[in-house]
Every structure is written in C-alpha cells, then in structure tokens.
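A.B. asks: Here it is, the structure, as structure tokens.
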Ligand SMILES: Cc1ncc(COP(=O)(O)O)c(C=O)c1O
C-alpha cells in the first residue's frame, strides 16, 4: 500500500521522457524562437497577442529590460524569493535591484512594502506569484501600473490557473525542468505591445543567438530520469523514503539541506541554468545566449496539450484535500491559497511555526509526508548580494517556516484523503 509521498513530483512521466529523447536524436537543431504553434499556445495562456522564446526566463527578462533603454542606476523592484541570476541580469544591465517584502497570505508582493521602497528612480517592478497562487494578482498589477511602473510578471509557477488577465506589460515564464510547462530549459515573453515585440525580435543580439548544444538537453533528460525514478510511487514508498529516513537519523543537519546537494543533479561547475548558485556574475555566460530550438518547441507543445487535464485534476484534488482537512490544519495554510477553484497549486504551502514547539516538518516526514520549503533562494539573505539587502521579514518566514503538502495529479482520491488524515493527526495532537 502506498502511504509515503515525496515532497515533489514532476509533471511528466517516463514515456514522455523517452519519446523526447528519441525526438532529440532525430530533430535538427533549428531556431524556433518565434514558431507559430508555440506562439499561439503561450499567447492563449497569457492572453497576450505576441510571444517570443528564449534560452530561459532570465533571458526573457534580460531582453525586455534591455529594450527599455533605462538610464544607468534605474531601480528595479522585486521580491527576494527568486533565482539569484535574475539579480545578475539586473546588475549586468547597470540597473539596481531593490527588494520589497512579500505577502504572507499569497506569497507574492506586499503592497505596503512596495510603497515603502518605491522612489523616483524606480521604473520597473517584477512580480513573482509563487506556488500556483494568483490571489490578488490583478490588483497588484493594477496598483503598480497606477504608480507608472513597467510591470513584469514572472508566471513560471502559475501555469494552469484558470485566468491570467492582468494588465502587466509582459508576462515572462521559465520552461526549466520541473515546471508544469517545460522544454528542458527555455523561457518566453508575452506581450500585447507590438512595438516591443518587434524591438526585441530585431535586436541584433537576439537575432544572433547561437544553437543550444544538444548535450545540454541530454543532461537535462538524464537529471529528469533520476528524479522521476526516485519519486516514482513504488520506488519512493519502498526505497527512497527509507534512504531519506536513514539520512535523517544519522545526519539530521544534512537532511535539512538535502535540496541544496548536487547528488541528484550535476556538479556546480557544470551549472547552466537550474542549480541557482548564489554567485555574483561580472558578465552573463555565453551559454545563455542560445536560441529556442525546434525540439524544445515540440516538448513545449506536448506539455501544453496535457496542461488542461493536469490542472483540472489538481484543482479537483485540492478541493478534496480541503474538504478532508480539519480547520486547525487549514488555518496554517496561507489564506490566499484557500481558494482552490481560482488557483492551481504548483505547491501547497503550510506554515509550520506558530503550531507548538514540536518540529512539524519532522513529524510530517515520519508520518510518510516527505516535505520541504521553497527551493528558490532568499536573495536578501545571500552574502553575495549584501550591498542590496533590505529587511524582508515576511519573505524570511515564508522561506524558513513553510513547507509544502505533497500533492500530485497522479494521486488517487483515497491517497489524498490519507494525506489529509495524516495532517489532521499531526496538527490535532499539537495544542
Ligand atoms: C518563479 C521562478 N522564476 C524563474 C525560474 C527559473 O528561471 P530560468 O528559466 O531562468 O532558469 C524558476 C525556476 O526555478 C522559478 O520558479
């Protein structure tokens, strides 16, 4: 009987992976950075007319910021739980990152903090809704537009939510491994502004992007294979979980940092996109200046095809989970996440502080609910960015005291009810 659940599972399966491996070997490495089919799919998701593709999310932001031709020293406001290389992109364009705090209820931007940090040098705001929660998404954008900011929305973690209708200037998304939409590294930018679209399309640097090496994708496929294997229901239930349990009993400190280790991924010196190392880059690596290939388009189209089914099932299972959770568990789930009909959880976070002195994360693990918090870095705590640190106590709490409830579209109704019962048991026992 399956009663142990991994902290996270990918949205694809083994057959998807093998089909794409074959396709990789057979497809020419042609440029498809503005392919019509992928444009149509992403434009319908973002409700924007024009879409362009890149090697990654960070490069979508890079080309957008570059197209704005902002004076040196212009401030870009952003929230701190993000990829460190977003900060590097800002710095390499001679702009200044200014961190705003986050909202404890929806894990997006805190409007009060935006008000405190905005100055006459601030021209751009990057909003990053996390975990599939888009609660107040449109209001935040509306507010920022009233302040005459250029607004970028990073929608990497909100694919599949029913409505994305905000007024942001651009929606930019990552297609890295593990996302609901992936092309095993990749990114896109969607906008309604035709002039902006043409500007980026005609940028000489964009026009001279190089082919991505196929070996990059082979590594990605191999990494995905390892993760699919380790988190496969049977393998996790009878093998991976016990390995984790052993690690927890002999090296508890290592266990807490397991997501930072590279044994499931490549070594740091091979870092291309997804290891998210907090380093300060004097220049942007050449490997980022690659185009979006035809093979990547094919992978993305397959993901777009399966997204509606996955989202529907995730929404159904979230509803079921909430129906079976006791109120004293639900009260620790951030409020913005209670509306399971308008969100589509990429993760479902729960605060584990303010419960009791017990280590809730460890109790969950021993009950078979493997768990972890945000893997994204908290950039206001990273030493390399200390020049730009500011106080962001909400972001600190979100990063340090929140874990995710395991949830995946492949789970049966009874598995989700089991997850709810385990959580009820843990939280009911704690005063
Ligand atoms: C919110 C968010 N933005 C961006 C990224 C990654 O961006 P990139 O495609 O540049 O690696 C991720 C994934 O790690 C993410 O979760």
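The values are calculated or read from the model by the stated rules, or taken from the named source; none is laboratory data. Note that the structure is a prediction, hence the values are computed from the model and not measured. We place every Cβ from the backbone using ideal geometry, glycine too, and count neighbours over all the protein chains shown.
A.B. asks: Could you tell me which residue of segment 373-412 is modelled with the lowest pLDDT, considering only residues that are in contact with a strand residue (DSSP E or B) (Cβ under 7 Å, 6 or more places away or on another chain) and part of a loop (DSSP other than H, G, I, E, B)?
C.D. replies: 390
A.B. asks: Among the residues of segment 176-197 satisfying the criterion of being touching a residue at least 24 places away in the same chain (Cβ under 8 Å) and more than 16 Å from the ligand (Cβ to nearest atom), which is surrounded by the fewest Cβ atoms within 10 Å (Cβ to Cβ)?
C.D. replies: Here the answer is 194.
A.B. asks: Mind listing just one residue for me: the one in segment 35-67 that is touching a helix residue (DSSP H, G or I) at 6+ places or on another chain (Cβ under 7 Å) and surrounded by fewer than 16 Cβ atoms within 10 Å (Cβ to Cβ) and, of those, nearest to residue 94 (Cα to Cα)?
C.D. replies: Ranking the qualifying residues of segment 35-67, first place goes to 49.
A.B. asks: Right, here's the next one. Could you grab me the full set of residues in segment 345-372 that are within 15 Å of the ligand (Cβ to nearest atom), part of a loop (DSSP other than H, G, I, E, B) and buried (at least 20 other Cβ atoms within 10 Å of the Cβ)? So that I can check it myself, show each step before the final result.
C.D. replies: The first filter runs over segment 345-372 and keeps only residues within 15 Å of the ligand (Cβ to nearest atom), leaving 345-347, 349, 372.
With part of a loop (DSSP other than H, G, I, E, B) added as a condition, the list becomes 345-347, 372.
Across segment 345-372, the qualifying residues are 345, 346, 347.
A.B. asks: Right, another one. I'm checking my understanding of the structure. Among residues of segment 233-261 that are within 22 Å of residue 217 (Cα to Cα) and not in a loop (DSSP other than H, G, I, E, B), which one is modelled with the lowest pLDDT? It would help to see each step written out before you state the result.
C.D. replies: Quick first cut of segment 233-261, residues within 22 Å of residue 217 (Cα to Cα) only: 259-261.
From what is left, the residues that are not in a loop (DSSP other than H, G, I, E, B) are 259-260.
Details: 259: 68, 260: 64.
This residue is 260.
A.B. asks: Given 280, 229, 264, which one is within 16 Å of the ligand (Cβ to nearest atom), surrounded by fewer than 17 Cβ atoms within 10 Å (Cβ to Cβ) and either modelled with pLDDT under 95 or more than 30 Å from residue 388 (Cβ to Cβ) (or both)?
C.D. replies: None of the others qualify; the one that does is 264.
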